[in-house]
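The values are calculated or read from the model by the stated rules, or taken from the named source; none is laboratory data. The structure presented is a predicted model; accordingly, all values stated were derived computationally and were not measured. Glycine also receives a Cβ, built like all others from the backbone with ideal geometry; neighbour counts cover every protein chain displayed.
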Amino acid sequence: MTRPFYEAKHNRKAQERIMRKLLAIKGRGWELEMTEMGAGHDARLYSRNEVKVRHYPFHGSPIEFGGYMVSAAKLVRLARKANGGRWGIVIDCFDGVFVADFRKLPSDARLDWGGRHDRNDPWDREKCYYIPARHFKRVCDTVNHAKSEGETLL
């Protein structure tokens, strides 16, 4: 049985907007490649990146207190693809875009069961790493949650 994909077109567009903003911040010499569905990460910006849009703030959320939860299998694939180079996680929250980059998983990342509970999908429960919030730095204002009057981002 194959795991179903829940990522909708609007999710992919939101992830691309974040990466284009980061590409502009990085400047000359960086390239953006949005990956295909099921690739194990959402985009490549010189170093590989896992891109997520979260509909809550970074500060005062479970991220700040318990760490950012991400699939252990996904991080292992991402680190392997980076082949000793830098790889990262990008999160767009209500209060900004936060980035953590690594050459290897931090020693204080906690491995435990995690995942979603709201879809009744057994594939959503898996081993996850909880990466402490201190590894993330705010790099810019939110990309997908700030919108001018009449504009629809998602």
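So is D95 under 21 Å from T35 (Cα atoms), free of Cβ contacts under 8 Å to residues at least 60 places away in the same chain, surrounded by 13 or more Cβ atoms within 10 Å (Cβ to Cβ) and of a type in the set (D, E) or not? Quick ask: steps written out before the conclusion?
Numbers: under 21 Å from T35 (Cα atoms): no; free of Cβ contacts under 8 Å to residues at least 60 places away in the same chain: yes; surrounded by 13 or more Cβ atoms within 10 Å (Cβ to Cβ): yes; of a type in the set (D, E): yes.
So D95 does not fit the description; no.
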Handout entry: Condition check for D95: touching a Phe, Trp or Tyr at 6+ places or on another chain (Cβ under 9 Å), at pLDDT 90 or above, closer than 23 Å to E7 by Cα and of a type in the set (D, E, K, R)
Key = yes
Practice task
Please identify the pairs in which a residue from the range 1-24 that is within 19 Å of W87 (Cβ to Cβ) and of a type in the set (V, I, T) has its Cβ atom under 8 Å from the Cβ atom of a residue that is at pLDDT 85 or above and not in a loop (DSSP other than H, G, I, E, B), counting only partners at least 6 apart or on another chain.
Solution key: I18/V90; I18/D92; I18/V97
Exercise for the section: Could you please give the count of residues in the range 114-124 that are among the basic types (K, R) and under 27 Å from V99 (Cβ atoms)? Expected result: 1
Practice task
Kindly indicate the residue of the range 104-137 that is touching a strand residue (DSSP E or B) at 6+ places or on another chain (Cβ under 7 Å) and assigned to a loop (DSSP other than H, G, I, E, B) and also surrounded by the most Cβ atoms within 10 Å (Cβ to Cβ) among those meeting that condition.
Solution key: F136
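Filter the range 37-77 for residues that are in a helix (DSSP H, G or I) and either modelled with pLDDT under 85 or not small (G, A, S) (or both) and give the result.
Residues of the range 37-77 that are in a helix (DSSP H, G or I), as a first pass: 62-66, 72-77.
Within the range 37-77, P62, I63, E64, F65, K74, L75, V76, R77 meet the criteria.
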